[in-house]
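What follows is a single structure, written as structure tokens, with notes after it.
The values are calculated or read from the model by the stated rules, or taken from the named source; none is laboratory data. Note that this is a predicted model, so its numbers are computed, not measured. All Cβ positions, even for glycine, are placed from backbone atoms using ideal geometry, and neighbour counts span all protein chains on display. Just the protein is used for accessible areas: all its heavy atoms, side chains included, with ligands, DNA and RNA removed. Shrake-Rupley method; radii C 1.70, N 1.55, O 1.52, S 1.80 Å.
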Amino acid sequence: MPLSTDQSERYSRQTELQGWGALGQERLLGSRVFVAGAGGLGCPAAVYLTVAGVGEIVVCDGDVIERSNLNRQFLYTRDDLTKPKAPIAAAQLRRLNPDVKVTPVIAEIDRSSAQELIEGADLVLDCLDNPETRIALNRAAIARGIPMVYAAVAEYTGYLSFLNPPATPCLECFVDGTRPAVDPPVPGCTAGILGTLEAMEALKFLTGTGETLAGKLLIMEGAVPEFDVIEMEKDPGCPACRGL
Amino acid sequence: MIIYLRSGGKLKDRLKPDVDQYTRRIEVEGDKPLRDILNEVGVPDSLVAFAFINGKLERLEYRPVDGDVITLQPPVSGG
Ligand SMILES: [Zn+2]
């Protein structure tokens, strides 16, 4: 659908970007993104997708808001403690942009639920906080043929990649899913940067502008500080994407 | 041969840097995989998620050559 006058003005600072234009914005408004996890990564990622005008954002999280979330999960306040994250996040996001349909889903992502949850999405954002759930999401994204943006953080360190097997490695080509889940220290800014970079990968992919991190891993070592982009190769013995 | 191991994050303390804040110089006897070298210098390979050299990811089976600067990154899974 062509942009309205209001939309043309609202999105003008991004449609001016070379290659984006009204057409890219219309594509974005017709897209559906599944945000897996509404925590430290999911909050900034969902905010930037919302204000950019992604047509539908599914925010999926099975957790409730805890006091220790508030240093980085800025869609929540003290008044929201003990409430489920997904609907609170969705309500905040809707206030930012009425063009966007925000669908909250209160659900745990696991091997049995993941495929159904991500059905119909153009892109999946991994904003999760443990290896096991990430692996379940990876398997579902491969089964559905949906690309996935991966990010993970701890302390001042962050990792980011754009996964679209068989063209690129999948998550299990380079992440060991058997490692135990830990709750590392995470300053809000670390999660904020990586969540924002996830949104950037999504916007590039959905509008066809720029170049994604397909086949590459971005490593942020904020303590140094240093950013590296390294080339990734598929693991020929990968249990998830071998033989695709 | 001499190789250099580097880490800026969580592995830094394990690595005991001596060249600068992040880098340790290691003298390696013979030809051996990175995994063995790491274990010998007190960095268990279970604490290393990625090792990269000149912008390319290498597996821990990689056998370093003289002068390699190898950056080590820990497993990270928070969100
Ligand atoms: Zn794979």
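Take every residue in peptide A:154-164, count the Cβ atoms of other chains within 10 Å of its Cβ, and give the average of those counts. Numbers along the way, then the final one.
Working: counts 8, 5, 3, 10, 3, 6, 0, 0, 0, 0, 0.
Mean inter-chain Cβ contacts per residue within 10 Å come to 3.
Positive end of the dipole of the stretch B:2-73, charges at C-beta (+1 Lys, Arg; -1 Asp, Glu), about the Cα centre: which of B:N39, B:V65, B:S7 has its Cα farthest in that direction?
Value: B:S7.
Using +1 on the beta carbon of Lys and Arg, -1 on that of Asp and Glu, and nothing else charged, what's the dipole of chain B about the Cα centre, debye to 20? All intermediate terms of the calculation are to be shown ahead of the outcome.
Numbers: 12 positive and 13 negative charges, 71 e Å.
It comes to approximately 340 debye.
With +1 assigned to the C-beta of every Lys and Arg and -1 to the C-beta of every Asp and Glu, and no other charges, what is the dipole magnitude of the protein assembly as shown about the Cα centre in debye, to the nearest 20? Walk me through the intermediate numbers first.
Numbers: 33 positive and 45 negative charges, 106 e Å.
About 500 debye.
Using only the alpha-carbon atoms of the protein assembly as shown, report the extent along each of the three principal axes, biggest first, to the nearest angstrom.
Sorted from largest, the Cα extents of the protein assembly as shown read 69, 42, 38 Å.
So what's the back-of-envelope 222 nm ellipticity for chain A, counting only DSSP H runs of four-plus at -39500 (n - 2.57) apiece and dividing by all residues, rounded to 500? Each step should come with its number before you reach the end.
On the way: 8 runs with 81 residues, N = 244.
It lands at -10000 deg cm²/dmol.
Tell me, what is the percent relative contact order of the stretch A:23-167, built from C-alpha pairs under 8 Å that lie six or more residues apart? Intermediate results must be reported in sequence, preceding the final value.
Numbers: 285 pairs, mean separation 34.6, N = 145.
That works out to 24 percent.
If I build a Gaussian network model for chain A, linking alpha-carbon pairs within less than 10 angstrom, which residue out of A:I57, A:I88, A:I230 has the largest mean-square fluctuation?
A:I230
What is the gain in length, in nm to one decimal, between B:R25 and B:N54 on full extension, counting 0.36 nm per residue of separation less the C-alpha to C-alpha distance? Mind dumping the intermediate values first?
Numbers: separation 29, 0.36 × 29 = 10.44 nm, distance 1.69 nm.
The span from B:R25 to B:N54 would gain 8.8 nm if fully extended.
When you look at the Cβ of every residue in A:190-196, what mean number of other chain Cβ atoms sits within 10 Å? Each step should come with its number before you reach the end.
On the way: counts 2, 2, 0, 0, 3, 1, 0.
Per residue, the number of nearby Cβ atoms from other chains is 1 on average.
For B:7-13, what's the mean count of beta carbons from other chains sitting within 10 Å of each residue's beta carbon?
Mean number of neighbouring Cβ atoms from other chains: 5.
How many angstrom lie between the Cα centre of the stretch A:157-198 and the Cα centre of the stretch B:4-79?
Result: 20 Å between the Cα centres.
P(r) tail for the stretch A:3-134, what percent of Cα pairs lie past 18 Å?
Details: 4613 of 8646 pairs.
That fraction is 53 percent.
Along the Cα-to-Cβ line of A:R179, 7 Å from the Cα, sits a label point; which residues in the stretch A:210-227 have backbone N less than 20 Å from it?
Zone members listed by number: A:215-224, A:226-227.
Using mean Cβ contacts within 10 Å as the protection proxy, how do A:193-206, A:37-50, B:63-76, A:231-244 order, highest first?
Output ranking for A:193-206, A:37-50, B:63-76, A:231-244: A:37-50, A:193-206, B:63-76, A:231-244.
Residues of the stretch A:1-55: accessible area per residue at 1.4 Å, in Å²? Write down the numbers at each step before the final one.
Values: 2500 Å² over 55 residues.
I get 45 Å² per residue for the stretch A:1-55.
Most mobile of A:F34, A:F174, A:F162 per a Gaussian network model of chain A (Cα springs, under 10 Å)?
Of the options given, A:F174 has the highest mean-square fluctuation.
Ratio of Rg to Rh for the stretch A:1-54, alpha carbon only, Kirkwood?
Details: Rg = 12.2 Å, Rh = 11.9 Å.
Taking Rh as the inverse mean 1/r over Cα pairs, Rg/Rh reads 1.03.
Using alpha-carbon pairs under 8 Å, 6+ residues apart, how would you state the relative contact order of chain A in percent?
Numbers: 513 pairs, mean separation 48.6, N = 244.
For chain A, the relative contact order is 20 percent.
Using a 1.4 Å probe on the protein heavy atoms, what percent of the accessible area of the stretch B:2-73 belongs to carbon and sulfur?
45 percent
Which value results when the Cα radius of gyration for the stretch A:192-244 is divided by 2.2 N^0.38 Å?
Working it through for the stretch A:192-244, the quotient is 1.40.
Which value, in Å³ per residue, describes the convex hull spanned by the Cα atoms of the stretch B:2-73? It would help to have the intermediate numbers written out before the result.
Working: hull volume 5.7 nm³, N = 72.
Convex hull volume per residue, Cα atoms: 79 Å³.
Would you work out which of A:C173, A:L93, A:G195 lies farthest towards the positive end of the dipole of the stretch A:31-231, given +1 charges on the beta-carbon of Lys and Arg and -1 on that of Asp and Glu, about the Cα centre?
A:L93
Once you've got the GNM for chain A with C-alpha springs shorter than 10 Å, pick whichever of A:L137, A:L171, A:L96 has the biggest mean-square fluctuation.
Checking each option, the largest mean-square fluctuation is seen for A:L96.
Quick one: with all protein chains in place, what share of the accessible area of the stretch A:31-231 is carbon or sulfur, to the nearest percent (1.4 Å probe)? The partial results should precede the final answer.
Working: 3990 of 7750 Å².
Looking at the stretch A:31-231 in its full context, I get 52 percent from C and S.
Go through the stretch A:73-168 and name the trypsin sites (Lys or Arg not before Pro) that are in a DSSP coil and have 10 or fewer other Cβ atoms within 10 Å of their Cβ. Please report the intermediate quantities before stating the final value.
On the way: sites: A:R78, A:K85, A:R94, A:R95, A:K101, A:R111, A:R134, A:R139, A:R144; in loops: A:R111.
Hits after loop and neighbour filter: nothing returned.
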